[in-house]
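Scroll down for the structure; my scribbles are underneath it.
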Ligand SMILES: Cc1ncc(COP(=O)(O)O)c(C=O)c1O
């Protein structure tokens with residue numbers, strides 16, 4: 001059975017060109033780039049090239065790139081560094097809809113005595129900018145706001161938010177794990193101090209990430225050890241992973257136009273056809289401030305998990321907005337923060353596309369999903385009630 005992969009915000013296929021680029025560094029070129037001998041030294045030349053490619057995608061300087069192991073490490077490093085260099089400031093400003101890489105760390109810091117302020121979002125997933133402005137107090141050390149939400153694709157105005165933080169001397173970090181490669185980013189044109197990205201979301205392998213640190217930003221390392229990354233992150237470099245990420249960033253720069261045209265068209269086609277074919281369905285999030293590849297659709301009165309299991313029988317991979325917490329199915333924190341009604345939040349599915357998806361795949365999903373929803377709704381007592389109410393309403 002063919003796999004139809006519509007779960008690219010979870011992780012993405014390693015591009016074949018990326019596999020080709022990295023393989024020699026798992027085989028022949030295994031030297032340590034810090035070694036004095038030329039066998040290791042030749043690897044450092046390739047690392048430098050990769051650093052340059054990543055910097056190019058971000059509109060950054062090569063020396064502003066710090067390699068890490070993943071997006072989570074980058075997020076943790078940025079926030080902990082800001083707290084370490086802004087001693088005396090005890091407040092962290094973030095949002096209600098951050099990824100656990102930021103949210104769970106902030107919850108831990110809150111327990112340790114820091115004051116964490118979570119800015120709310122409206123029912124479209126937009127950040128409350130008035131609350132944000134008010135939150136920027138003199139005792140705030142750092143703001144951490146995601147560029148794009150992993151569940152809905154909704155983008156925050158991080159560039160505007162960063163300027164507001166800078167005016168008040170507050171460090172600004174953005175988790176851009178879902179945004180890099182999908183929207184143009186130019187670090188020369190904004191006031192963001194630190195930015196996280198993760199290789200496996202943009203067709204590089206898992207286990208490599210980057211923290212961009214603006215030149216001149218005070219910094220305190222998270223992993224302390226060797227002098228790698230100019231003392232900003234100890235540990236022998238993941239050479240194959242870094243070279244892979246360099247190639248993936250080069251491809252992302254070349255494909256960003258396709259992401260915003262062809263991928264966007266496929267996403268829009270999937271979304272509008274599903275909404276038309278399935279009653280009581282709706283999109284979650286602001287559709288005009290959204291990543292081009294993501295749609296989060298709620299199908300009322302069904303369980304997301306049920307939908308995913310039946311989609312899986314056709315080889316279709318997507319994600320649900322629910323997470324199984326201590327035996328009970330809780331709708332996602334993101335949808336709850338947006339005030340999505342319970343009956344809608346439970347039946348939410350995230351489809352996240354990539355340049356590897358085709359029109360035929362979208363046609364296939366549009367053919368298979370409506371009967372799945374119909375089948376599940378036939379089993380749902382709530383759906384039956386809803387139909388009785390709707391019919392009575394119409395008749396009246
Ligand atoms: C917005 C966001 N931030 C951070 C992460 C964590 O990245 P990683 O899996 O590389 O640690 C993810 C991964 O899902 C994400 O979507």
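Does residue 79 meet the test of being touching a helix residue (DSSP H, G or I) at 6+ places or on another chain (Cβ under 7 Å), touching a residue at least 12 places away in the same chain (Cβ under 8 Å) and away from the ligand (no atom under 13 Å from the Cβ)?
Taking the combined requirement at face value, the residue does not satisfy it.
Here is a check on your reading of the model: is residue 2 touching a residue at least 24 places away in the same chain (Cβ under 8 Å), out of contact with any helix residue (DSSP H, G or I) (no Cβ under 6 Å at 6 or more places or on another chain) and away from the ligand (no atom under 16 Å from the Cβ)?
Taking the combined requirement at face value, the residue satisfies it.
Could you give every pair whose Cβ atoms fall below 7 Å, whose first residue belongs to the range 60-75 and is in a strand (DSSP E or B), and whose second residue is modelled with pLDDT of 95 or more and near the ligand (Cβ under 9 Å from one of its atoms), counting only separations of at least 6 or pairs across chains?
The qualifying pairs are 67/208; 68/74; 68/209.
Take residue 27 and decide whether it is closer than 14 Å to residue 238 by Cα, more than 16 Å from the ligand (Cβ to nearest atom) and either touching a residue at least 24 places away in the same chain (Cβ under 8 Å) or not in a helix (DSSP H, G or I) (or both).
yes
Provide a single number: the residues in the range 126-162 that are touching a residue at least 12 places away in the same chain (Cβ under 8 Å), in a loop (DSSP other than H, G, I, E, B) and closer than 10 Å to residue 95 by Cβ.
Looking only at that region, the number is 2.
Kindly provide the set of residues from the range 279-305 that are farther than 21 Å from residue 356 by Cα and surrounded by 20 or more Cβ atoms within 10 Å (Cβ to Cβ), ordered by number.
Correct list: 281, 284, 285, 297, 298, 299, 300, 301, 302, 304.
Which one of the conditions (1) within 21 Å of residue 241 (Cα to Cα); (2) part of a strand (DSSP E or B); (3) away from the ligand (no atom under 16 Å from the Cβ) does residue 57 fail to meet, given that it meets all the rest?
(2)
Against the definition (touching a helix residue (DSSP H, G or I) at 6+ places or on another chain (Cβ under 7 Å) and within 15 Å of the ligand (Cβ to nearest atom)), how does residue 101 come out, yes or no?
So residue 101 passes the test.
Identify all residues within the range 67-106 that are buried (at least 24 other Cβ atoms within 10 Å of the Cβ) and under 18 Å from residue 246 (Cβ atoms); write none if there are none.
Within the range 67-106, 67, 68, 71, 74 meet the criteria.
Of the conditions (1) at pLDDT 95 or above; (2) more than 20 Å from the chain's Cα centre (by Cα); (3) part of a loop (DSSP other than H, G, I, E, B), residue 292 satisfies every one except a single condition; which number is it?
Among (1) at pLDDT 95 or above; (2) more than 20 Å from the chain's Cα centre (by Cα); (3) part of a loop (DSSP other than H, G, I, E, B), the lone unmet condition for residue 292 is (2).
Just the residues that are in contact with a helix residue (DSSP H, G or I) (Cβ under 7 Å, 6 or more places away or on another chain) and under 19 Å from residue 166 (Cβ atoms), please, taken from the range 114-141.
117, 119, 132, 133, 136, 141
Residues of the range 6-18 being outside any loop (DSSP other than H, G, I, E, B), touching a residue at least 40 places away in the same chain (Cβ under 8 Å) and farther than 16 Å from residue 320 by Cβ, which ones?
17, 18
Of all residues being outside any loop (DSSP other than H, G, I, E, B), away from the ligand (no atom under 11 Å from the Cβ) and within 16 Å of the chain's Cα centre (by Cα) in the range 164-185, which is modelled with the highest pLDDT? Just the residue, please.
Per the criteria, the residue is 173.
Examine the range 10-23 for a residue that is under 17 Å from residue 214 (Cβ atoms), surrounded by fewer than 19 Cβ atoms within 10 Å (Cβ to Cβ), at pLDDT 95 or above and in contact with a helix residue (DSSP H, G or I) (Cβ under 6 Å, 6 or more places away or on another chain), and state whether such a residue exists.
No, the range 10-23 has no match at all.
Does residue 201 meet the test of being under 15 Å from the mean Cα position of the chain (by Cα) and surrounded by fewer than 17 Cβ atoms within 10 Å (Cβ to Cβ)?
It is false that residue 201 is under 15 Å from the mean Cα position of the chain (by Cα) and surrounded by fewer than 17 Cβ atoms within 10 Å (Cβ to Cβ).
I need a count of the residues in the range 186-221 that are out of contact with any strand residue (DSSP E or B) (no Cβ under 8 Å at 6 or more places or on another chain) and either within 16 Å of the ligand (Cβ to nearest atom) or within 23 Å of residue 261 (Cα to Cα) (or both).
7
The conditions are (1) surrounded by fewer than 17 Cβ atoms within 10 Å (Cβ to Cβ); (2) away from the ligand (no atom under 13 Å from the Cβ); (3) under 21 Å from the mean Cα position of the chain (by Cα), and residue 127 fails exactly one of them. Which is it?
(1) is the only condition that residue 127 fails.
The values are calculated or read from the model by the stated rules, or taken from the named source; none is laboratory data. Everything numeric in this text was worked out from a predicted model, so none of it was measured. Backbone-built Cβ (ideal geometry, glycine too); neighbour counts: all protein chains shown.
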